[in-house]
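The values are calculated or read from the model by the stated rules, or taken from the named source; none is laboratory data. Not measured: the values here are computed from a predicted model. Positions of Cβ are generated from backbone atoms using ideal geometry, with glycine treated the same way; all protein chains shown enter the neighbour counts.
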């Protein structure tokens, strides 16, 4: 009984209920704004990815065809601090390090790493107390906080998007099971392991309360509550299903819940973000699809060569065609995520209405390691963002100007982020 009370106490602040008019009477429920950053590695095929005119469509963005009014392409944003600026080679490490910080990484492979606070953490420190998880950091790569990576740079720069301080990254989680427990667990690892061993859902410990609440809801809200609880249970079930195919090893080494395919892994992590936003367990998330410089191949789409190798295409048409396939693969998964947000009710609208999602990378053309005119998409209608267009910024506009404007829309104040020099008002 004591264990059950502990679970209920932990979950009481974990499962934030959707807004239900039956309980709110005449009160207007304010929907929070959510913000996510999704990182793609190694640049894109700039010939096919970028729109040729004012319409926000291109061959590389074809997967977003049915969502044209829900996103915009932002042109001419750059990260000057990702260039060498006297530090020599290491563009992939700098691309990752600079993307959310706008700061120049100290070139070192030792413990004296130095960068800057990332935009997500700047916001989380001001509004993170409003949710159970101040910010969510995700990746499909194994975490690395030290070691020698790109051209004399610490692996900490290349494997972490989020930075809590100038010397402390916020490591990303790649195991969906651990992400789920972070969002919905009791906060007691021993009790959570016991619950999993007993094959109990996190919902099993709040169903009595949910049933009592059910009697106070009208038909529409009862259906919304059922849909909400089903979404949580559905994700939990698929994680458990993935775990069944893992070899049993000691608890501290057990690789639980990671899907076998890269596509499955990406979508499960997108699902975690969507669920975290839907339940208001968090309002800020970052997702490193793969670190810059990643040599991952894509056999499921017929690309056997490594992504990094292909990105140095030297103008070869065959290589550029392979890069386009990879671009399309990543865009398909992103479109799936945006569709999911759009199909998830949130108040009188949907989650996409109250979200701002930045998708892009710190390199434009991988062959030249160009950090100007970055491939950037801003999706969602949160914060009054106007969509369905190509936004032409002035050449040389720091990417961090966009972050200042997004921070303001999240209710966080920042006089400057990295190398920002003003607000990016064109998104209004």
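Restricting attention to the stretch 305-315, which residues are farther than 18 Å from residue 92 by Cα and in contact with a helix residue (DSSP H, G or I) (Cβ under 9 Å, 6 or more places away or on another chain)?
The answer is 305, and nothing else.
Do you know which residues across the stretch 165-174 are surrounded by fewer than 22 Cβ atoms within 10 Å (Cβ to Cβ) and assigned to a loop (DSSP other than H, G, I, E, B)?
Across the stretch 165-174, the qualifying residues are 166, 167, 170, 171, 174.
Here is a check on your reading of the model: is residue 154 within 14 Å of residue 288 (Cβ to Cβ) and either without any contact (Cβ under 8 Å) to a residue 24 or more places away in the chain or touching a strand residue (DSSP E or B) at 6+ places or on another chain (Cβ under 9 Å) (or both)?
no
For the stretch 274-306, how many residues meet the condition of being under 22 Å from residue 144 (Cβ atoms) and in contact (Cβ under 8 Å) with a residue 60 or more places away in the chain?
Residues meeting the conditions: 10.
Taking residue 331 as meeting all but one of (1) more than 26 Å from residue 102 (Cβ to Cβ); (2) part of a helix (DSSP H, G or I), write down the number of the exception.
(1)
If you go through the stretch 52-61 one residue at a time, do you hit one that is modelled with pLDDT of 95 or more, buried (at least 24 other Cβ atoms within 10 Å of the Cβ) and under 18 Å from residue 357 (Cβ atoms)?
yes
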